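Participant: Below is one structure. I have some questions about it.
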């Protein structure tokens, strides 16, 4: 054989060997390395049904379930199996158009692949579930999957319990090692977020065998590869649901917050943030609509003011200043000052005081004398042994920190703010290195730069009640099956105040009892119970414009063996004695006596509940929002009228029945009928029958005079 033929033969051999290696490599890739066709084959032969676990139930201190589970259904899609689906029928039932259908399918593929199930329409209403259930044979690739959802039988404690929401891609990236998949729900706020890993449970999966037409034939391999869903663990709270409900009732038409603590354990008895909302609004098919409404509400009901807002504590802070003054030895319980209506120590007459006279520590607390505590605070910062105000303020702050102020307490709830006990660096920056006590004298009466959360203020009341110690406030007392994740151990540690003898608290107790018996809080006494309290009225400004004062009240009861410590704050409500104190008084009575039975006290509950203290600024914002809603609704109805007229083919040449027989109704006297905005469809639009025009007779439209006088109304 010639050299040429030999060479050509080798080239042919090499080509065949190369082709063979490519084939072998591709076979290895398909059979061993690639999962693409394996997934397709398994998808054709097997149906994988995810079993969602029941989340843990949450109980109050009396064992009443305040957060439990119910069942709803999701419409779930597997994109690789929907080729034979009757798209138009499905879109008609769901009220969407085909472009929205394609968008949802593409989203499911991007987020969860073509071969895995994803939620297509979550939390179906009973009516929608019924319609889909009887037509599911038309929709291969879709199934109806059970979904445990939350139910709040007492309709209370929304900001405490929190709500669930579907995970998004950002959440999955952040929690990629925690087993979440697209379509899962997770706690977003409150206890649902804080104790998510306890409450969530573990998903299960059941494998079913299908025939060549996709029909379920039974369990795959007798259920050998199935995994059962494991329910989440239940939580037992210190919260009293009846006390919580009464607190929310008393805060009707008020903006503010209440926190009550059992000083013996640190367990939170109630935590109210007002305005609140029915937590069931954020479950079920209408949750998005409700969430949007709550999100734009000028009163910000989604904010938990008990933890997420800080305020100057006002005169309630005087109790802390007094105890620190005793501990530092700058005063004793018999130290007195005479107030002539102002504080003379800084040369500008500030702060002013309402009650003139001579006061010792007990009477100064009882009558809330500003001059007394400005004197104490100035003496604390002017002590020669510390050299200057800078060093003395650091000592004062150390005491304040030991009451749980200026730092996060570590409560078992997310989004807690730390408040503020001002540092000397702030005043050095403002006034230079030689700043003096008079530069921050407002701190003496709980104003200036001092800020606290209401939970911190309630904890201060608990600390004073205990004469110098506290447990970190918390909501969860125990977890079903034990504390597997060691989440409760921080709440078993007792915290002591900084070198303050318990005896120093006696004078403060005397003064706080005096507040309720003959001082600023005398009108809020609780019959038969010795209450120690402190009122507060706090100046505040909005962009430099003075607003109505905030109202504060802090208390504990009974004086001997205290069982409840409480702090109440009402924004822009004026004097603490007239608004915040009565609320605390009724809650103390309810908790210690288990009920309010006296007719006069029941009447007080009604009076306080009906008291409208919503700040004027919020009322204006709410009125503006309502006006915009009315204008938008009128415009929408007019546009619907035009759309119906066009679809009916009437044009401008033939007046509608509504226009021929106008019967305008004023918006203030008859609410508009609920209507649904028609959605675009890729299918041909059929002409609507003439009788549809009768719908327009129910619409709320402006009369002719209103149209002429208001440019916001669109002419028809």
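The values are calculated or read from the model by the stated rules, or taken from the named source; none is laboratory data. Remember, predicted model here, so these are calculated numbers, not experimental data. All Cβ positions, even for glycine, are placed from backbone atoms using ideal geometry, and neighbour counts span all protein chains on display.
Participant: For residue 304, are the conditions met, namely being crowded, with 22+ Cβ neighbours inside 10 Å, modelled with pLDDT of 95 or more, at negative phi and touching a strand residue (DSSP E or B) at 6+ places or on another chain (Cβ under 9 Å)?
Facilitator: So residue 304 fits the description; yes.
Participant: May I ask you to verify whether residue 529 is surrounded by fewer than 20 Cβ atoms within 10 Å (Cβ to Cβ) and in contact with a helix residue (DSSP H, G or I) (Cβ under 9 Å, 6 or more places away or on another chain)?
Facilitator: yes
Participant: Looking at region 481-497 only, could you name the residues that are assigned to a loop (DSSP other than H, G, I, E, B) and surrounded by fewer than 15 Cβ atoms within 10 Å (Cβ to Cβ)?
Facilitator: 481, 482, 483, 484, 485, 486, 493
Participant: Moving on to the next point. In region 282-305, how many residues are in contact (Cβ under 8 Å) with a residue 40 or more places away in the chain, assigned to a helix (DSSP H, G or I) and closer than 17 Å to residue 166 by Cβ?
Facilitator: Number satisfying all stated conditions: 2.
Participant: Here's a check for you: in region 510-521, which residue that is touching a residue at least 40 places away in the same chain (Cβ under 8 Å) and within 35 Å of the chain's Cα centre (by Cα) is nearest to residue 462 (Cα to Cα)?
Facilitator: The extreme case among them is 512.
Participant: Right, another one. Collect the residues in region 341-361 that are within 23 Å of residue 436 (Cβ to Cβ) and part of a loop (DSSP other than H, G, I, E, B), keeping them in residue-number order.
Facilitator: Answer for region 341-361, where residues must be within 23 Å of residue 436 (Cβ to Cβ) and part of a loop (DSSP other than H, G, I, E, B): 343, 344, 345, 346, 347, 348, 349, 350, 351, 353.
Participant: Got at least one residue in region 559-575 being assigned to a strand (DSSP E or B) and farther than 21 Å from residue 458 by Cβ?
Facilitator: Scanning region 559-575 turns up no residue that is assigned to a strand (DSSP E or B) and farther than 21 Å from residue 458 by Cβ.
Participant: Kindly indicate whether residue 221 is touching a helix residue (DSSP H, G or I) at 6+ places or on another chain (Cβ under 6 Å), more than 20 Å from residue 158 (Cα to Cα), modelled with pLDDT under 90 and not in a loop (DSSP other than H, G, I, E, B).
Facilitator: No: the conditions fail for residue 221.
Participant: Kindly indicate whether residue 104 is surrounded by 15 or more Cβ atoms within 10 Å (Cβ to Cβ), closer than 24 Å to residue 196 by Cα and modelled with pLDDT of 90 or more.
Facilitator: No, not satisfied.
Participant: Further question: Look at region 115-126 and say how many of its residues are surrounded by fewer than 18 Cβ atoms within 10 Å (Cβ to Cβ) and in contact (Cβ under 8 Å) with a residue 12 or more places away in the chain.
Facilitator: Residues in region 115-126 being surrounded by fewer than 18 Cβ atoms within 10 Å (Cβ to Cβ) and in contact (Cβ under 8 Å) with a residue 12 or more places away in the chain: 1 in total.
Participant: Whether any residue in region 255-262 is more than 30 Å from residue 622 (Cα to Cα), surrounded by fewer than 23 Cβ atoms within 10 Å (Cβ to Cβ) and at pLDDT below 90 is what I want to check.
Facilitator: No, there is no match, as no residue in region 255-262 is more than 30 Å from residue 622 (Cα to Cα), surrounded by fewer than 23 Cβ atoms within 10 Å (Cβ to Cβ) and at pLDDT below 90.
Participant: Would you call residue 568 out of contact with any strand residue (DSSP E or B) (no Cβ under 7 Å at 6 or more places or on another chain) and assigned by TED's automatic domain parsing to the domain that holds residue 366?
Facilitator: Taking the combined requirement at face value, the residue does not satisfy it.
Participant: Here's another thing I want to ask about it. Which of the numbered conditions does residue 638 fail, given that it passes all the others? Conditions: (1) touching a residue at least 60 places away in the same chain (Cβ under 8 Å); (2) touching a strand residue (DSSP E or B) at 6+ places or on another chain (Cβ under 8 Å); (3) surrounded by 17 or more Cβ atoms within 10 Å (Cβ to Cβ).
Facilitator: (2)
Participant: For the structure I just gave you, tell me whether residue 180 is part of a loop (DSSP other than H, G, I, E, B) and either surrounded by 18 or more Cβ atoms within 10 Å (Cβ to Cβ) or not assigned by TED's automatic domain parsing to the domain that holds residue 307 (or both).
Facilitator: yes
Participant: Looking at this structure, is residue 380 crowded, with 20+ Cβ neighbours inside 10 Å, free of Cβ contacts under 8 Å to residues at least 60 places away in the same chain, touching a helix residue (DSSP H, G or I) at 6+ places or on another chain (Cβ under 7 Å) and in the same structural domain as residue 304 (by TED's automatic domain parsing)?
Facilitator: yes
Participant: In the set 172, 209, which member is in the same structural domain as residue 229 (by TED's automatic domain parsing), in contact with a helix residue (DSSP H, G or I) (Cβ under 8 Å, 6 or more places away or on another chain), surrounded by fewer than 18 Cβ atoms within 10 Å (Cβ to Cβ) and farther than 21 Å from residue 71 by Cα?
Facilitator: 209
Participant: Based on this model, can you work out whether residue 66 counts as more than 18 Å from residue 184 (Cβ to Cβ), in a strand (DSSP E or B), in contact (Cβ under 8 Å) with a residue 24 or more places away in the chain and assigned by TED's automatic domain parsing to the domain that holds residue 185?
Facilitator: When the stated conditions are applied, residue 66 passes them.
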